[in-house]
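A short worksheet on the structure shown next.
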Amino acid sequence: MTTNRAATPAPPEGLPVELPAVPLTWENAAERLVGTITVVEMQHYDAAGTFMRHDHVWGQVTSADQKNGIRIMVGGRTFAGKLMVLPAQLDSFTKPAPGRYRLRSTGEEIDDPHWFTTWTVTNPDEVKTKTPKPGKPPKTVDVKRKK
């Protein structure tokens with residue numbers, strides 16, 4: 001399974017995003033991200049490029065650095081207590097407008113999250129009409145930015 005950053009991150013259900021007053025850079029990433037609540041959207045596609053599903057999680061950023069990526073301690077229903085590690089791509093983070101956001105995949109509502117980030121996950125051994133063969137390890141593919 002490979003994770004690719006989506007070109008234009010959008011908040012769940014297309015809600016408005018505000019431009020941050022100060023751009024997010026590696027010089028200020030730890031200060032601006034650590035301790036904040038972030039909503040992560042994952043758009044899953046099969047090997048043929050067919051959309052399969054959306055997954056949403058939210059959690060608190062625990063660390064952010066260019067070498068190790070962005071680490072999020074996930075909250076909520078599905079993956080609570082799991083550590084999610086995102087690639088070190090700050091341009092995938094956008095500031096949402098204040099408000100309550102309903103996550104489509106879980107039904108959870110998050111009040112005033114600090115950040116949104118959207119990622120494309122390509123499942124190279126999976127096609128929507130077929131399931132992968134048991135015991136076969138997943139293949140890896142290049143991480144590409146979706147345009």
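Each reported figure results from applying straightforward, stated rules to the coordinates on display, with no laboratory input. Keep in mind the model is a prediction, meaning the values are calculated, not measured. Backbone-built Cβ (ideal geometry, glycine too); neighbour counts: all protein chains shown.
Residues MET42, MET73, arranged from fewest to most other Cβ atoms within 10 angstrom of their Cβ, appear as MET73, MET42.
Ranked by how many other Cβ atoms sit within 10 Å of their own Cβ, fewest first, the residues HIS114, HIS56 fall in the order HIS114, HIS56. For ILE110, ILE72, the sequence from fewest to most other C-beta atoms within 10 Å is ILE110, ILE72.
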